[in-house]
Amino acid sequence: MFGFFPLILSAFLLGLGFYLLLQVLARKKPANLPRGSMGWPLFGETLGFLKPHSSNSMGSFLQEHCSRYGRVFKSHLFGSPTIVSCDHELNMVVLQNEEKLFKVSYPKAMHGILGKFSLLIVSGDVHKKLRNIGVSFITSSKSNPEFLDCVEKMTISMMNSWKNCKEIGFYKEVKKFTLNLMVKHLLSIEPEEQLAFKILEDFLTYMKGFVSLPVYLPGTPYASAVKARARLSATVREIIKERRKEQLGLVKGDFLDAILSKENLSDEKTVSIVLDMLLAGYETTATLMALIVYFLSLYPNVLAHLKQEHNAIRKNKENGESLNWEDYQKMEFTCNVIYESLRCGNVVKFVHRVALQDVKFKGYFIPSGWKILPVLTAVHFDPSLHENPMEFNPWRWTDKATSKKVMPFGGGPRLCPGADLAKVEIAFFLHHLVLNYRWKTMADDSPLAYPYVEFRRGLLLEIEPIQAKAGKIET
C-alpha cells in the first residue's frame, strides 16, 4: 500500500505547483481583473460553489462572495480559472454573443454523459441544424389537437390513480408523467409498454450522475450514468433499425419519423437529438411542476386566484369537454405562476461559457481562455431588479418589464427550444390538479439545489379529492 504514497505525493505537488502558477499569472493580469479568490490547490472553490442550498435562494457561497467581492468575481471552478457573473447586464452580453465573444464550454467529464453531439455541447452549424430540427417539431406540436388531447388524457389517468391515496411522492409521479408523455410524443411508445419502464429506469440512473463528481469507478453515480446513457442510445438505435427494417416511414408521425424522413442525419446525431429532447422534456419540466406545487402550498392566495381562472374556463365548457388551444391562451395567470416558479425555484442555476478573446465590460477585464459562469439564480434574487425578490408573487409578471429582468430559459442562440411546449403541458396539468385536489406539503420537504433541484423527501404530499362525490377526475 505504501507504493501509492509517491504517486499521491507527486499528484499533490503537481497540483500545488499548478495552483501557485495560477496565482502568479493572476497577479500579472491587469488591475481591473475582478477581485476574488482562487481557493485551494486542485479543487479551487468548486466544492463550496456546489454546496447544496435551498433552491429558492442564492446560497451562502454566492451571497458571501458577492458581499465581499461584488457581483462579478474571479474564482477557480471545475478545474479552470473562472469569472463568476451575478450581474444581469454581463449575463446578457455573454449569452447574446455566443460564438462571437464567448462560446459554450462544459467540463469534459460531462461529454461522457451527454454525448459529443448533444445540443448542450455542440456549436456552430451543427448546433444550429440540430436545434432547428427540435424547434420545428415543437412549434408544430404545441397547438396540435392530438398532442393536447394526449397531454390531457395522461393527466387525467395519473390523477385517477391517486383517488384512493392519502399520500403521494409527487416529484416521482411527475417525472413518470413527463417521461411517458415525451416517450409517447417522440417515439410512439405507450406508457404501459415494458420499453417505457426500461427507459424511465435508465433516465433515473442517468440523472443521478449528471452533475456528480466525474469519477469513473464501478458503482459511482458518474460511471452508472455513462452506462445508462449507452443503454439509452442502444434503445433508440434499435428503434431506428426496426423502423427502417419495416419501412414504417411516416406511419407513426412522431418526432423520430420526422427526422428519418426529412433530415439527412447520421444515426449518432439522430440518437443524440432524441435523447436531448427526452432529457429536456422530462427532467426540467418535472422539476418545474414540482416547484409550482410546492410554492402553491405556501401561498394560498395564489392558489385561490389560480382556481378562479380555471373554474372560469371550465364553466364555459360542456361536461367532459376537452381543453383546447383557445383555453390555454386564456390561462394568463397560470403562465405567470409558471414564470414566477422559474424565477424563485431556479431549475437551472448557471451555464458554462468560455471567453474567445479578451473582453472588457463595465470596467471588468475577462481574459481570453478563462471560463465564465453566468449565474441565473443571482439575477432572479437581485433586489435592484425585483421588488421583494424573495417573495413568490406571480402578479409581478403583469408588468411586461419583468420578463426583461430574468432569464429562466437562458438566452441568445441557446434559448431553451422546448419552453412553449413545457408551458402547455404544465398548464393543462394544473387545470385538473387545482380543480380536483387539495394538498399539503411536509414542513421539512423543501427544494435543494445540488445544483440540480431535488426535494428532501421527494415532495411528499398529503392529498384529498375536492369532489369526492364525482368518483373520478373531472374531464
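Counting only residues that are open to solvent by 30 Å² or more (accessible area, probe 1.4 Å), of a type in the set (A, V, I, L, M, F, W, C) and part of a loop (DSSP other than H, G, I, E, B), how many does the stretch 443-464 have? Give the derivation first.
First pass over the stretch 443-464, keeping only residues open to solvent by 30 Å² or more (accessible area, probe 1.4 Å): 443-444, 450, 452, 454, 456-457, 460, 462, 464.
If we keep only those that are of a type in the set (A, V, I, L, M, F, W, C) as well, we get 443, 460.
Pick out the ones that are also part of a loop (DSSP other than H, G, I, E, B) and you get 443.
The qualifying residues number 1.
Looking only at the stretch 382-417, which residues are open to solvent by 40 Å² or more (accessible area, probe 1.4 Å), modelled with pLDDT under 90 and among the small types (Gly, Ala, Ser)?
Ser403
Scan (1) farther than 17 Å from Arg353 by Cβ; (2) basic (Lys, Arg); (3) in contact with a Ser or Thr (Cβ under 7 Å, 6 or more places away or on another chain) for the single condition Lys128 breaks and write down its number.
(3)
Against the condition assigned to a helix (DSSP H, G or I) and among the small types (Gly, Ala, Ser), how does Ala422 come out, does it pass? Talk me through it step by step, then tell me what you get.
Numbers: assigned to a helix (DSSP H, G or I): yes; among the small types (Gly, Ala, Ser): yes.
Answer is yes for this residue.
If you take the residues of the stretch 349-381 that are among the basic types (Lys, Arg) and open to solvent by 20 Å² or more (accessible area, probe 1.4 Å), which of them is nearest to Phe78 (Cα to Cα)?
Taking the stretch 349-381 and keeping what is among the basic types (Lys, Arg), we get 349, 353, 360, 362, 371.
Of the ones still in play, those that are also open to solvent by 20 Å² or more (accessible area, probe 1.4 Å) are 360, 362, 371.
Working: Lys360: 23, Lys362: 26, Lys371: 9 Å.
Of everything passing the filter in the stretch 349-381, Lys371 is nearest to Phe78 (Cα to Cα).
Would you mind stating whether Glu332 is out of contact with any Cys (no Cβ under 7 Å at 6 or more places or on another chain), modelled with pLDDT of 95 or more and open to solvent by 10 Å² or more (accessible area, probe 1.4 Å)?
Values: out of contact with any Cys (no Cβ under 7 Å at 6 or more places or on another chain): yes; modelled with pLDDT of 95 or more: yes; open to solvent by 10 Å² or more (accessible area, probe 1.4 Å): yes.
Taking the combined requirement at face value, the residue satisfies it.
Of everything in the stretch 351-377, what is closer than 18 Å to Leu291 by Cα and of a type outside the set (S, T, N, Q)? Give them in sequence order.
Leu376
Name the residue, out of Gly253, Gly281, that is farther than 30 Å from Lys208 by Cβ and either more than 23 Å from the chain's Cα centre (by Cα) or touching a residue at least 12 places away in the same chain (Cβ under 8 Å) (or both).
Gly253
With the structure loaded, tell me whether Asn264 is more than 25 Å from Val126 (Cα to Cα) and more than 21 Å from the chain's Cα centre (by Cα) or whether it fails that test.
no
With respect to Asn56, is the statement that it is at pLDDT below 95, in a loop (DSSP other than H, G, I, E, B) and touching a Cys at 6+ places or on another chain (Cβ under 7 Å) true?
On the way: at pLDDT below 95: yes; in a loop (DSSP other than H, G, I, E, B): yes; touching a Cys at 6+ places or on another chain (Cβ under 7 Å): yes.
Spelling it out, Asn56 is indeed at pLDDT below 95, in a loop (DSSP other than H, G, I, E, B) and touching a Cys at 6+ places or on another chain (Cβ under 7 Å).
Which count do you get for residues in the stretch 161-189 that are among the polar types (S, T, N, Q) and closer than 13 Å to Met289 by Cβ?
Count: 1.
So if I check each of Asn311, Asn319, which one is farther than 30 Å from Ser75 by Cα and in contact (Cβ under 8 Å) with a residue 60 or more places away in the chain? Let's see the steps before the verdict.
On the way: Asn319 fails: in contact (Cβ under 8 Å) with a residue 60 or more places away in the chain.
From the options Asn311, Asn319, the qualifying one is Asn311.
Against the conditions (1) part of a helix (DSSP H, G or I); (2) free of Cβ contacts under 8 Å to residues at least 12 places away in the same chain, where does Gly48 fall short? Just the number, please.
(2) is the only condition that Gly48 fails.
For the subset of the stretch 260-291 comprising residues that are closer than 16 Å to Val424 by Cα and either polar (S, T, N, Q) or surrounded by fewer than 20 Cβ atoms within 10 Å (Cβ to Cβ) (or both), which member is modelled with the lowest pLDDT?
Thr284
Before we move on, is Thr178 touching a residue at least 60 places away in the same chain (Cβ under 8 Å), in contact with an Asp or Glu (Cβ under 9 Å, 6 or more places away or on another chain), polar (S, T, N, Q) and closer than 19 Å to Leu435 by Cα?
no
This table checks each residue for (1) open to solvent by less than 20 Å² (accessible area, probe 1.4 Å); (2) within 20 Å of Trp40 (Cβ to Cβ); (3) in a strand (DSSP E or B).
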site: Glu64; (1), (2), (3): no, yes, no
site: Arg68; (1), (2), (3): no, yes, no
site: Phe73; (1), (2), (3): yes, yes, yes
site: Asn91; (1), (2), (3): yes, no, no
site: Leu95; (1), (2), (3): yes, no, no
site: Lys103; (1), (2), (3): no, no, yes
site: Tyr106; (1), (2), (3): no, no, no
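The values are calculated or read from the model by the stated rules, or taken from the named source; none is laboratory data. Because the structure is a prediction, the values reported are computed rather than measured. Positions of Cβ are generated from backbone atoms using ideal geometry, with glycine treated the same way; all protein chains shown enter the neighbour counts. Please note that ligands, DNA and RNA were not included when accessible areas were found on the heavy atoms of the full protein model with its side chains. Shrake-Rupley method; radii C 1.70, N 1.55, O 1.52, S 1.80 Å.
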